[in-house]
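Beneath this line is the structure, given in structure tokens, with notes to follow.
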Amino acid sequence: MVFSSSIVFPGSFDPITKGHFDIISRAVTIFDTVVVAVLENPLKSPLFSLEERKNFILSACNQFEKRVVVDHFSGLLVDYLKQKNIRLVLRGLRAVSDYEYEAQIALMNRHLDAQVETFFLMAREDCAYISSNIVKQIARFGGDVRRLVPESAALALEHKFKATK
Ligand code: ADP
């Protein structure tokens, strides 16, 4: 019997950071395919468009070739999972402060669909302080974000905030 496993890594990725990238690169050593699913959420107004966010992920992850698939979804994650015929969800945990929110989402997803299982990977120590929001704040005030996000996202952040100055 051939076992193959796919897992969905959902998030805003506005933009992808080195923390997200670390989670993806560790997940590809465990799962056959990691589907990075960018959330299109009408309640959030992201800095980058859906296409931009997907392109940053694609260029950061091209070394993984077909093992990492970049997609998007809107609405309920459980509906997207059903549509893709995948039951595994990947999330990253940075600090205790992430736990409460992540536990709530994981339990709610299981409540909505009992088949869904959420896997958590702990953030690497040197990535645990990185968040998309903090990176955007640093870039807005002209700080160097090249060690915090993949190159394509760093260039786009520099460009975006230079243009608004
Ligand atoms: P959301 O808007 O759903 O929180 P994010 O794009 O902020 O989406 O994050 C997606 C997932 O990546 C979440 O599980 C989050 O905890 C995780 N994550 C974010 N930053 C890091 C990081 N630096 N290290 C590890 N995991 C992270």
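If the limit is 20 Å between Cα atoms, which of Lys18/Lys136; Lys84/Lys136; Lys54/Lys84 go over it? If you can, show how the numbers build up before the last one.
Working: Lys18/Lys136 13 Å; Lys84/Lys136 32 Å; Lys54/Lys84 18 Å.
The answer is Lys84/Lys136.
Explain nothing, just the number: dipole magnitude of segment 3-130 about its Cα centre with +1 on each Lys and Arg Cβ and -1 on each Asp and Glu Cβ, in debye rounded to the nearest 20.
On the way: 14 positive and 16 negative charges, 42 e Å.
The dipole of segment 3-130 has a size of about 200 debye.
Between Asn62 and Phe119, what FRET efficiency follows from the Cβ-Cβ distance if R0 is 25 Å, with the result rounded to 0.05? Write down the numbers at each step before the final one.
Details: r = 24 Å, r/R0 = 0.95.
So the FRET efficiency works out to roughly 0.55.
Pairing the Cα long axis of helix 151-164 with the longest principal axis of the chain, what angle in degrees results, from 0 to 90 and rounded to the nearest 10?
Around 50 degrees separate the two axes.
Could you pull out every one of the aspartates and glutamates with an alpha carbon less than 14 Å from that of Lys162, ignoring same-chain neighbours closer than 8 positions?
The reachable aspartates and glutamates, counting only those whose Cα sits under 14 Å from Lys162, are Asp144.
Treating the angle as unsigned and between 0 and 90°, give the value, to the nearest 10°, between the Cα long axis of helix 18-27 and the longest Cα principal axis of the chain.
That helix lies at roughly 30 degrees to the long axis.
D for the chain, whole µm²/s, Stokes-Einstein with Kirkwood Rh over alpha-carbon pairs at 37 °C and 0.692 mPa s: what number? The partial results should precede the final answer.
On the way: Rh = 16.5 Å.
Using the Kirkwood radius from Cα pairs, D works out to 200 µm²/s.
Just order 129-140, 59-70, 16-27 by mean Cβ neighbour count inside 10 Å, highest at the front, would you? Kindly include the intermediate steps, with their values, before the conclusion.
On the way: 129-140: 17.3, 59-70: 15.3, 16-27: 22.0.
So the peptides 129-140, 59-70, 16-27, ranked by packing, come out 16-27, 129-140, 59-70.
Residue-wise, which Karplus ³J(HN,Hα) couplings in Hz belong to segment 48-55, taking 6.51 cos²θ - 1.76 cosθ + 1.60, θ = phi - 60°, and x for glycine or proline?
Listing the rounded values in order: 10, 5, 4, 4, 4, 4, 5, 5 Hz.
Throughout, read-outs are computed from the coordinates displayed, never taken from laboratory work. Since the structure is predicted, the reported quantities are computational estimates derived from the model, not experimental observations. Glycine gets a Cβ as well: all are built from the backbone with ideal geometry, and neighbour counts include every protein chain shown.
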